[in-house]
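To start, the structure itself, in C-alpha cells.
The values are calculated or read from the model by the stated rules, or taken from the named source; none is laboratory data. For clarity, every value in this text was computed on a predicted model and none was experimentally measured. Please note: Cβ atoms are built from the backbone with ideal geometry, for glycine as well, and neighbour counts cover all protein chains shown. What goes into the accessible areas is simple: the full protein's heavy atoms, side chains included, and nothing from ligands, DNA or RNA. Shrake-Rupley method; radii C 1.70, N 1.55, O 1.52, S 1.80 Å.
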Amino acid sequence: MHKYLFAATKSATSTSSRMARSHYSSATMSTAKALSQKSLIAARTGNITKQFPRHASAQVDTLASTSTSSPFKQWPTPMVESNGDYRAEAYLEKLIGGPLYSNQTALPRLPIPDVKDTITKLLPTALPLAESEEEKQSLLDACASFPSEAVELQRRLQARRDGEMKDSSWLQLWWNQLGYLQVRDPIVVNVSYFFHFSDDGTLPTSSLLGGNSDVKSLGVMRGAAMLVAAAEYRKKVCSGTLPCEAIGRKEPKTPLCSVAFKYMWNSTRVPKRVQDVYRMYDPSLHQHCIVARKGRFYSVDFVAENGDPLPLDAIEAKLLRIVELADEAESRDGPAPMLGLLSSSDRDSWADARDELLVSGGEKMEKALEKLESGALMLCLDDEVSSLRFLLFV
C-alpha cells in the first residue's frame, strides 16, 4: 500500500524495504543507502501525548503528538493525484526548490536511438540464441529489412519528442502508464523489488537484555532506529535540501533527474480499473507513519514540529505500546481480518475490493484508508521470520 515497507522482526534477522514504484531507481537506491547507515539522534524532546482512539471497522489506531508547524512549504492542495505524467506535477519541484531540484530545467534530453545502431548492437546478443541455421538466417533477414520498414515509426517517434513531449522525456508517459499503472498483474513480485539490509551489529544481544527480549525486542529497537534514519532523510527530501545526484568521473558531472523524489514519502499507489493512480500527500500536513502488526495498523507520529525525528527512546516506547495493543487485541478479539492481503491481488481485483471496503465501511473506512495512504512509510513489526536468508521480493 505504501511505497516503503520496513520489516523489523523480533529476532532482528532481517529488515527490508519494499518499493511499490520500483522504476524510481535513483531515488530508491539513495534511500536504501541512507537508511543502512547509522543514524545520529539529534531531535529535540517534545511533549508527546498518547491517544488511542479506536476505529474497529478499519483497524487503525493512533499514537499522536501535537504538531502545529512544519519546515516544508505547503502545497496548493492537501493531496495530488497523478496519472503518471511527470509534467503534471512539475510545479511541485519549483515550489519545493532547493539543491535537489536545481537542475531539473537543464537536464539532457533522452535521445532516440538510431535504428541501424540498434540493429548493430542487437545482433551480437541475439544471434548466439539461435537454435538452428534457419533461425539464424531468419533473424539476419529480419534485421536487414527492418530499417526501411521502420522509417515511418522512427519519424513519428521523433515528432513525439519534438512536439507533444518537447518539455519532457518522450518515453516517460509510456513507461509509467503502459509499463506500470496499466499493468494488471499483482505488483508484489511483478513490480515491487526488495532491499535486504544486513543485521545491525550495534544492537545489544539478548544476554544484555537480561534474557528477556520481550521487554525491548530487537525488532522494536531496530524499527525505531530505522524510523529515525528515515525521518532525517525525509526532511532533506521534502525540503529540497538533499543534493542533486550526478554521475561521471570528470567535472562537471551530469546531473540526474530528481523527479522521483517527490513521490517518495507520504505517497501511495491506489488501485483502479484499467489504470491505477498515484496519490501524494503534502508532507507539511502529515507527521505520521503506519506501523503494522498482526493484521492491525497503527498511525504513529515519528517526527517533531521542526521535521526532525522524535527521540529514539520516545519512538521505541511507541512501538512497544503498539506491540502490546496488537497482542491484547488478538487475545481479546481473535485474529484480525488480514485486509492487507487484498493489496497483493491483481490490480482489478484489488480495485474492486477497495471499492467494496469503502461501501461497507462508509466514512470511517474512507478516513482510515486516507490515514494509511498519507503515512510517510510503513513499518512491519510482525513476529514471522522468513526461512529465506536472501529474498528477491516480499
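Give the number of residues within segment 230-257 that are within 18 Å of the chain's Cα centre (by Cα) and more than 23 Å from ASP308 (Cβ to Cβ).
Looking only at that region, the number is 1.
Among (1) within 30 Å of VAL189 (Cα to Cα); (2) touching a Phe, Trp or Tyr at 6+ places or on another chain (Cβ under 6 Å), which single condition is SER284 missing?
(1)
Go through (1) modelled with pLDDT of 95 or more; (2) in contact with a strand residue (DSSP E or B) (Cβ under 6 Å, 6 or more places away or on another chain); (3) not acidic (Asp, Glu) for ARG347 and report which single condition fails.
(2)
Given the structure, is ASP327 under 13 Å from ALA224 (Cα atoms), out of contact with any helix residue (DSSP H, G or I) (no Cβ under 7 Å at 6 or more places or on another chain) and not β-branched (Val, Ile, Thr)? Full working, then the answer.
On the way: under 13 Å from ALA224 (Cα atoms): no; out of contact with any helix residue (DSSP H, G or I) (no Cβ under 7 Å at 6 or more places or on another chain): yes; not β-branched (Val, Ile, Thr): yes.
So ASP327 fails the test.
Which residue pairs have Cβ atoms closer than 8 Å, lie 6 or more positions apart in sequence or on different chains, and pair a first residue in segment 108-120 that is within 15 Å of GLN158 (Cα to Cα) and open to solvent by less than 90 Å² (accessible area, probe 1.4 Å) with a second residue that is assigned to a loop (DSSP other than H, G, I, E, B) and of a type in the set (Ser, Thr, Tyr)?
LEU110/SER169
Can you name the residue in segment 181-199 that is modelled with pLDDT of 75 or more, open to solvent by 30 Å² or more (accessible area, probe 1.4 Å) and not polar (S, T, N, Q) and is also nearest to ALA260 (Cα to Cα) among such residues?
Ranking the candidates gives VAL183 first.
Sort out which residues of segment 125-152 are farther than 23 Å from ASP114 by Cα and either among the aromatic types (Phe, Trp, Tyr) or open to solvent by less than 60 Å² (accessible area, probe 1.4 Å) (or both), and write them in order of number.
ALA130, SER132
Report the residue count in segment 94-107 for those that are in a helix (DSSP H, G or I) and open to solvent by 40 Å² or more (accessible area, probe 1.4 Å).
Restricting attention to segment 94-107, the residues satisfying the condition of being in a helix (DSSP H, G or I) are 94-96, 99-101, 104-106.
Those still in the list that are open to solvent by 40 Å² or more (accessible area, probe 1.4 Å) too: 94-95, 99, 105-106.
The total comes to 5.
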